[in-house]
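The values are calculated or read from the model by the stated rules, or taken from the named source; none is laboratory data. Being a predicted model, the structure only gives us computed values, none of them experimental. Because the Cβ atoms are built from the backbone with ideal geometry, glycine has one as well, and the counts that use them run over all protein chains shown. Areas reflect the complete protein model, heavy atoms only, side chains present, ligands, DNA and RNA absent. Shrake-Rupley method; radii C 1.70, N 1.55, O 1.52, S 1.80 Å.
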Amino acid sequence: MSLLEVKDLTTYYKILRGYVRAVEGVTFNVKKREALGLAGESGCGKTTIALSLLRILPSNGMIAEGEIVLDGQSILKLNEDKMRKNVRWKKISLVFQGAMNAMNPVHQVGEQITESIRIHEPHVSKKEAHERAEKLFELVGIEPSRLSNYPFEFSGGMRQRAMIAMAIACNPQLLIADEPGTALDVIVQAQVMKLLSQLKDKLNMSMIMITHDLSLIADTCEKTAIMYAGHIVEFGDTVSVFKENLHPYTNGLISAFPSIEGEQMQIISIPGSPPDLLDPPSGCRFHPRCQYAMEICRKERPPLLDVGKDHFVACHLVKTEEEKR
Ligand code: SF4
(Lines give C-alpha, C1' and ligand atoms only; values in the text may rest on other atoms or scores of the structure.)
Protein backbone atom coordinates (compact mmCIF):
# COMPACT_ATOMS: atom_id res chain seq x y z
CA MET A 1 0.00 0.00 0.00
CA SER A 2 1.35 3.42 -0.96
CA LEU A 3 2.14 5.92 1.77
CA LEU A 4 3.07 8.65 -0.69
CA GLU A 5 1.68 9.22 -4.19
CA VAL A 6 3.23 11.97 -6.30
CA LYS A 7 1.51 12.67 -9.62
CA ASP A 8 2.73 15.03 -12.35
CA LEU A 9 4.60 17.21 -9.87
CA THR A 10 5.89 20.36 -11.57
CA THR A 11 8.02 22.86 -9.66
CA TYR A 12 9.57 26.03 -11.08
CA TYR A 13 11.86 28.73 -9.75
CA LYS A 14 11.37 32.28 -10.98
CA ILE A 15 14.59 34.14 -11.67
CA LEU A 16 15.32 37.37 -13.54
CA ARG A 17 15.88 35.57 -16.84
CA GLY A 18 12.66 33.51 -16.64
CA TYR A 19 11.52 30.22 -15.07
CA VAL A 20 13.87 27.38 -14.16
CA ARG A 21 11.85 24.25 -14.89
CA ALA A 22 13.48 22.24 -12.10
CA VAL A 23 10.92 19.42 -11.84
CA GLU A 24 8.35 18.72 -14.53
CA GLY A 25 5.60 16.10 -14.60
CA VAL A 26 7.19 13.81 -12.04
CA THR A 27 5.21 10.75 -10.92
CA PHE A 28 6.24 8.12 -8.35
CA ASN A 29 5.05 6.44 -5.19
CA VAL A 30 6.56 5.19 -1.95
CA LYS A 31 4.97 2.27 -0.15
CA LYS A 32 4.71 1.91 3.61
CA ARG A 33 8.06 0.82 5.16
CA GLU A 34 9.74 1.11 1.77
CA ALA A 35 12.94 3.02 0.91
CA LEU A 36 13.11 4.80 -2.42
CA GLY A 37 16.45 5.99 -3.76
CA LEU A 38 16.31 9.12 -5.90
CA ALA A 39 19.42 9.36 -8.06
CA GLY A 40 20.76 11.61 -10.78
CA GLU A 41 23.42 14.21 -11.48
CA SER A 42 23.62 17.42 -9.39
CA GLY A 43 20.95 19.92 -10.36
CA CYS A 44 18.54 17.30 -11.78
CA GLY A 45 15.76 18.25 -9.36
CA LYS A 46 16.19 15.73 -6.54
CA THR A 47 16.33 18.30 -3.74
CA THR A 48 13.51 20.30 -5.33
CA ILE A 49 11.29 17.22 -5.00
CA ALA A 50 12.17 17.00 -1.28
CA LEU A 51 11.44 20.70 -0.73
CA SER A 52 8.17 20.38 -2.67
CA LEU A 53 7.03 17.42 -0.54
CA LEU A 54 7.55 19.49 2.61
CA ARG A 55 6.40 22.70 0.91
CA ILE A 56 9.50 24.55 2.05
CA LEU A 57 10.61 25.89 -1.31
CA PRO A 58 12.50 29.20 -1.33
CA SER A 59 10.36 32.28 -1.98
CA ASN A 60 10.97 32.17 -5.76
CA GLY A 61 9.91 28.51 -5.97
CA MET A 62 6.38 27.39 -6.85
CA ILE A 63 4.55 24.13 -7.30
CA ALA A 64 2.87 24.87 -10.62
CA GLU A 65 1.03 21.58 -11.07
CA GLY A 66 0.53 18.13 -9.69
CA GLU A 67 -0.66 16.25 -6.68
CA ILE A 68 1.07 15.04 -3.52
CA VAL A 69 -0.96 12.61 -1.43
CA LEU A 70 0.41 11.37 1.88
CA ASP A 71 -1.51 8.61 3.63
CA GLY A 72 -4.68 9.59 1.74
CA GLN A 73 -4.34 13.32 2.46
CA SER A 74 -3.62 15.86 -0.27
CA ILE A 75 -0.66 17.91 0.97
CA LEU A 76 -1.14 20.68 -1.58
CA LYS A 77 -4.66 21.42 -0.35
CA LEU A 78 -3.59 22.07 3.26
CA ASN A 79 -3.10 25.63 4.46
CA GLU A 80 0.29 26.66 5.83
CA ASP A 81 -0.85 26.41 9.46
CA LYS A 82 -2.00 22.77 9.05
CA MET A 83 1.15 21.98 7.11
CA ARG A 84 3.32 23.33 9.95
CA LYS A 85 1.32 21.80 12.79
CA ASN A 86 0.39 18.43 11.32
CA VAL A 87 2.73 17.48 8.50
CA ARG A 88 6.27 18.83 8.78
CA TRP A 89 8.38 16.77 11.20
CA LYS A 90 5.30 14.86 12.40
CA LYS A 91 4.52 13.09 9.13
CA ILE A 92 7.39 14.01 6.84
CA SER A 93 10.81 14.85 8.18
CA LEU A 94 14.06 15.81 6.50
CA VAL A 95 17.74 15.26 7.12
CA PHE A 96 19.27 17.71 4.70
CA GLN A 97 22.68 18.16 3.11
CA GLY A 98 25.21 19.46 5.59
CA ALA A 99 22.62 19.20 8.41
CA MET A 100 25.41 18.44 10.84
CA ASN A 101 26.57 22.04 10.52
CA ALA A 102 23.09 23.41 11.25
CA MET A 103 23.36 23.15 15.04
CA ASN A 104 23.68 26.30 17.08
CA PRO A 105 27.28 26.26 18.41
CA VAL A 106 26.45 28.09 21.66
CA HIS A 107 23.72 25.72 22.88
CA GLN A 108 24.09 22.20 24.22
CA VAL A 109 23.03 19.50 21.74
CA GLY A 110 20.40 18.13 24.15
CA GLU A 111 18.89 21.57 24.64
CA GLN A 112 18.49 21.92 20.87
CA ILE A 113 16.81 18.53 20.55
CA THR A 114 14.40 19.05 23.47
CA GLU A 115 13.52 22.50 22.20
CA SER A 116 12.76 21.14 18.76
CA ILE A 117 10.49 18.44 20.32
CA ARG A 118 8.64 21.10 22.32
CA ILE A 119 8.20 23.39 19.29
CA HIS A 120 6.42 20.62 17.41
CA GLU A 121 4.63 19.17 20.43
CA PRO A 122 4.05 22.11 22.85
CA HIS A 123 2.16 19.94 25.39
CA VAL A 124 5.33 17.91 26.13
CA SER A 125 7.08 19.02 29.36
CA LYS A 126 10.82 19.80 29.48
CA LYS A 127 11.44 16.65 31.55
CA GLU A 128 9.52 14.45 29.12
CA ALA A 129 11.30 16.00 26.14
CA HIS A 130 14.66 15.34 27.80
CA GLU A 131 13.72 11.69 28.44
CA ARG A 132 12.70 11.38 24.80
CA ALA A 133 15.99 12.92 23.69
CA GLU A 134 17.85 10.32 25.80
CA LYS A 135 15.94 7.49 24.09
CA LEU A 136 16.57 9.05 20.67
CA PHE A 137 20.30 9.24 21.40
CA GLU A 138 20.29 5.55 22.36
CA LEU A 139 18.47 4.77 19.10
CA VAL A 140 21.07 6.57 16.99
CA GLY A 141 23.99 5.05 18.93
CA ILE A 142 25.15 8.00 21.04
CA GLU A 143 25.63 7.76 24.80
CA PRO A 144 22.73 9.82 26.34
CA SER A 145 25.15 11.60 28.71
CA ARG A 146 26.52 13.38 25.60
CA LEU A 147 23.29 15.42 25.43
CA SER A 148 25.03 17.98 27.64
CA ASN A 149 27.83 18.46 25.09
CA TYR A 150 28.14 21.38 22.70
CA PRO A 151 28.19 20.67 18.94
CA PHE A 152 31.94 21.34 18.69
CA GLU A 153 32.54 18.45 21.10
CA PHE A 154 30.96 16.03 18.56
CA SER A 155 32.64 14.54 15.50
CA GLY A 156 30.95 15.10 12.10
CA GLY A 157 29.41 11.62 12.21
CA MET A 158 28.02 12.19 15.73
CA ARG A 159 26.53 15.54 14.72
CA GLN A 160 24.84 13.87 11.76
CA ARG A 161 23.48 11.15 14.10
CA ALA A 162 22.19 13.89 16.43
CA MET A 163 20.45 15.56 13.48
CA ILE A 164 18.88 12.22 12.55
CA ALA A 165 17.69 11.90 16.17
CA MET A 166 16.09 15.34 15.84
CA ALA A 167 14.46 14.40 12.52
CA ILE A 168 12.82 11.28 13.95
CA ALA A 169 11.83 12.90 17.26
CA CYS A 170 8.15 13.20 16.28
CA ASN A 171 7.86 9.69 14.76
CA PRO A 172 7.44 10.72 11.10
CA GLN A 173 5.90 8.31 8.61
CA LEU A 174 8.31 9.42 5.92
CA LEU A 175 11.94 10.41 6.41
CA ILE A 176 13.70 12.18 3.56
CA ALA A 177 17.48 11.98 3.67
CA ASP A 178 19.04 14.43 1.21
CA GLU A 179 22.69 13.51 0.62
CA PRO A 180 23.07 12.57 4.31
CA GLY A 181 26.65 11.45 3.83
CA THR A 182 27.95 14.68 2.30
CA ALA A 183 31.16 15.87 3.97
CA LEU A 184 31.62 12.61 5.90
CA ASP A 185 34.41 10.17 5.17
CA VAL A 186 33.36 6.93 3.45
CA ILE A 187 33.42 4.77 6.57
CA VAL A 188 31.30 7.19 8.64
CA GLN A 189 29.06 7.69 5.61
CA ALA A 190 28.43 3.92 5.43
CA GLN A 191 27.65 3.86 9.18
CA VAL A 192 25.14 6.73 8.80
CA MET A 193 23.45 4.93 5.87
CA LYS A 194 23.26 1.69 7.85
CA LEU A 195 21.76 3.60 10.77
CA LEU A 196 19.10 5.19 8.55
CA SER A 197 18.21 1.82 7.11
CA GLN A 198 17.96 0.22 10.58
CA LEU A 199 15.82 3.10 11.88
CA LYS A 200 13.47 2.79 8.90
CA ASP A 201 12.84 -0.86 9.80
CA LYS A 202 12.74 -0.36 13.57
CA LEU A 203 10.35 2.60 13.45
CA ASN A 204 8.24 1.34 10.50
CA MET A 205 9.00 4.47 8.49
CA SER A 206 9.22 4.94 4.75
CA MET A 207 12.28 6.70 3.43
CA ILE A 208 13.39 8.69 0.40
CA MET A 209 17.16 8.60 0.04
CA ILE A 210 18.45 11.35 -2.23
CA THR A 211 21.96 10.81 -3.48
CA HIS A 212 24.15 10.76 -6.56
CA ASP A 213 25.95 7.73 -5.10
CA LEU A 214 24.35 4.67 -6.71
CA SER A 215 26.11 2.21 -4.41
CA LEU A 216 24.33 3.73 -1.39
CA ILE A 217 20.99 3.23 -3.10
CA ALA A 218 21.84 -0.34 -4.12
CA ASP A 219 22.68 -1.06 -0.46
CA THR A 220 19.72 0.56 1.25
CA CYS A 221 16.70 1.02 -1.07
CA GLU A 222 14.06 -1.37 -2.37
CA LYS A 223 13.02 1.03 -5.15
CA THR A 224 15.04 3.38 -7.34
CA ALA A 225 14.03 6.42 -9.37
CA ILE A 226 16.54 7.85 -11.85
CA MET A 227 16.16 11.55 -12.61
CA TYR A 228 17.49 13.52 -15.54
CA ALA A 229 17.00 17.27 -15.96
CA GLY A 230 13.82 17.46 -13.89
CA HIS A 231 12.20 14.28 -15.24
CA ILE A 232 12.04 10.76 -13.82
CA VAL A 233 13.35 8.59 -16.64
CA GLU A 234 13.29 5.18 -14.96
CA PHE A 235 11.59 3.94 -11.81
CA GLY A 236 11.19 0.53 -10.28
CA ASP A 237 12.52 -2.24 -8.15
CA THR A 238 16.22 -1.50 -7.39
CA VAL A 239 17.43 -4.85 -8.76
CA SER A 240 15.53 -4.32 -12.06
CA VAL A 241 16.75 -0.74 -12.43
CA PHE A 242 20.38 -1.77 -11.81
CA LYS A 243 20.39 -5.06 -13.72
CA GLU A 244 17.70 -4.70 -16.40
CA ASN A 245 17.66 -0.96 -17.02
CA LEU A 246 16.14 0.16 -20.29
CA HIS A 247 16.81 3.89 -20.36
CA PRO A 248 20.07 4.97 -22.05
CA TYR A 249 20.70 7.53 -19.28
CA THR A 250 20.32 4.93 -16.49
CA ASN A 251 22.62 2.68 -18.41
CA GLY A 252 25.18 5.49 -18.82
CA LEU A 253 24.95 6.46 -15.16
CA ILE A 254 25.56 2.88 -13.99
CA SER A 255 28.41 2.38 -16.50
CA ALA A 256 30.01 5.60 -15.24
CA PHE A 257 30.03 4.28 -11.67
CA PRO A 258 33.16 2.46 -10.49
CA SER A 259 32.75 -1.02 -9.00
CA ILE A 260 35.22 -2.97 -6.88
CA GLU A 261 33.46 -6.27 -7.59
CA GLY A 262 33.48 -8.47 -10.70
CA GLU A 263 35.85 -8.17 -13.61
CA GLN A 264 37.89 -5.08 -14.25
CA MET A 265 35.77 -2.79 -16.39
CA GLN A 266 36.39 0.44 -18.19
CA ILE A 267 34.39 3.37 -16.78
CA ILE A 268 32.41 4.95 -19.59
CA SER A 269 31.30 8.53 -19.02
CA ILE A 270 28.19 10.11 -20.55
CA PRO A 271 29.26 12.65 -23.19
CA GLY A 272 28.03 16.25 -22.88
CA SER A 273 26.60 17.99 -19.83
CA PRO A 274 23.13 18.43 -18.31
CA PRO A 275 20.98 21.11 -19.97
CA ASP A 276 20.15 24.59 -18.75
CA LEU A 277 16.70 24.17 -17.16
CA LEU A 278 15.80 27.76 -18.07
CA ASP A 279 15.52 26.52 -21.63
CA PRO A 280 15.60 22.72 -21.59
CA PRO A 281 15.71 20.67 -24.79
CA SER A 282 12.37 19.83 -26.39
CA GLY A 283 10.96 16.29 -26.31
CA CYS A 284 13.21 13.95 -24.36
CA ARG A 285 15.54 16.21 -22.38
CA PHE A 286 18.31 13.64 -22.76
CA HIS A 287 18.24 13.68 -26.58
CA PRO A 288 21.29 15.98 -27.13
CA ARG A 289 23.43 13.43 -25.24
CA CYS A 290 21.77 10.23 -26.37
CA GLN A 291 23.46 8.03 -28.95
CA TYR A 292 20.08 6.48 -29.87
CA ALA A 293 18.18 9.76 -30.36
CA MET A 294 15.57 9.62 -33.13
CA GLU A 295 13.47 12.33 -34.74
CA ILE A 296 10.56 11.68 -32.37
CA CYS A 297 12.89 12.20 -29.37
CA ARG A 298 13.43 15.85 -30.36
CA LYS A 299 9.69 16.48 -30.65
CA GLU A 300 7.81 14.44 -28.06
CA ARG A 301 8.47 13.82 -24.41
CA PRO A 302 8.34 10.03 -23.89
CA PRO A 303 5.73 8.95 -21.34
CA LEU A 304 6.69 6.85 -18.32
CA LEU A 305 5.66 3.41 -19.61
CA ASP A 306 4.94 0.37 -17.48
CA VAL A 307 7.27 -2.33 -18.78
CA GLY A 308 6.07 -4.91 -16.24
CA LYS A 309 7.03 -6.02 -12.76
CA ASP A 310 6.51 -2.51 -11.35
CA HIS A 311 9.22 -1.12 -13.67
CA PHE A 312 8.61 2.15 -15.57
CA VAL A 313 10.71 3.74 -18.30
CA ALA A 314 10.38 7.00 -20.24
CA CYS A 315 12.09 6.37 -23.56
CA HIS A 316 10.81 6.22 -27.14
CA LEU A 317 13.03 3.20 -27.76
CA VAL A 318 11.00 1.23 -25.26
CA LYS A 319 7.77 2.39 -26.87
CA THR A 320 9.09 1.38 -30.26
CA GLU A 321 9.93 -2.08 -28.94
CA GLU A 322 6.40 -2.42 -27.56
CA GLU A 323 4.88 -1.41 -30.85
CA LYS A 324 6.98 -3.99 -32.69
CA ARG A 325 5.31 -6.80 -30.72
FE1 SF4 B 1 17.42 8.52 -26.19
FE2 SF4 B 1 15.16 9.02 -27.44
FE3 SF4 B 1 15.16 7.37 -25.39
FE4 SF4 B 1 15.50 9.96 -25.01
S5 SF4 B 1 13.68 8.98 -25.80
S6 SF4 B 1 16.66 8.35 -24.11
S7 SF4 B 1 16.69 10.51 -26.81
S8 SF4 B 1 16.20 7.09 -27.35
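Some notes on this structure:
- Calculated diffusion of the range 13-106, Stokes-Einstein form, Kirkwood radius summed over Cα pairs, 37 °C and 0.692 mPa s, µm²/s: 216 µm²/s
- For the range 80-155, applying the loop criterion from DSSP together with a ceiling of 13 other beta carbons within 10 Å to the GluC sites (Glu not before Pro) yields no site.
- Surface composition of the range 20-145: carbon plus sulfur atoms hold 50% of the accessible area, using a 1.4 angstrom probe and ignoring ligands, DNA and RNA.
- DSSP-defined beta bridges in the range 167-292 - what % are antiparallel, rounded to 5: 55 percent
- Legend: residue pairs LYS7/LYS194; LYS135/LYS200; LYS91/LYS243; LYS90/LYS135, Cα-Cα distance threshold 26 Å; pairs beyond threshold, LYS7/LYS194; LYS91/LYS243.
- Sequence-separation-based contact order of the chain, relative, with Cα cut under 8 Å and 6+ spacing, percent: 20 percent
- Taking all protein chains into account, the per residue accessible area for the chain stands at 50 Å² (1.4 Å probe).
- Values of log10 I(q)/I(0) for the chain across q = 0.12, 0.13 Å⁻¹ run -0.86, -0.99, by the Debye formula with one identical scatterer at each alpha carbon and no solvent.
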